[in-house]
Amino acid sequence: MPPVDDRQRLLQLYERLGSALQRKDWKAMGQVDLAIRAQLVAMSSQAGLAADVLLAKKHLKRLHEQASQACAEECERLRRLLLSHLEYAEGRSAYMQVDTYQEGR
């Protein structure tokens, strides 16, 4: 079996990332992100990448930017959710303070 070339690896990473993004599978996106990094580092030592490899890299980069944006949006959604839980916790804390104050009278 012939070795997989850089273009093919980039296309495979593109497919994996696209699939993870579509499923909103954050763990899988993290794993693909690491694989993308490893592939880009491996390619960085090569001089003069072929045009088809550069095109595949460009497409992957564009999708990677979309995935990064989706992750940032998910982080913001979770931040707001946690803040709302903190607000509920403050209400619960107020009950405890009032109860403690009333018991101390």
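For the chain, the equivalent ellipsoid derived from the Cα gyration tensor has semi-axes of 50, 12, 11 Å, listed largest first. Our estimate of slack between L34 and R80, defined as 0.36 nm per intervening residue step minus the Cα-Cα distance, is 13.8 nm. Angle between the Cα long axis of helix 6-23 and the longest principal axis of the chain, 0 to 90 degrees, nearest 10? So the helix axis and the longest Cα principal axis differ by about 30 degrees. Helix 26-44 and the longest principal axis of the Cα set of the chain meet at an angle near 40°. Note on L49/C71: beta-carbon distance plugged into 1/(1 + (r/R0)^6) with R0 of 22 Å gives a FRET efficiency of 0.20. Relative to the longest principal axis of the Cα atoms of the chain, helix 51-104 runs at roughly 10 degrees.
Read the figures in this text as sums done on the coordinates, not as results from a lab. Computed from a prediction, not measured in an experiment: that's the story for all the values here. Cβ atoms come from the backbone with ideal geometry, glycine included; neighbour counts cover every protein chain shown.
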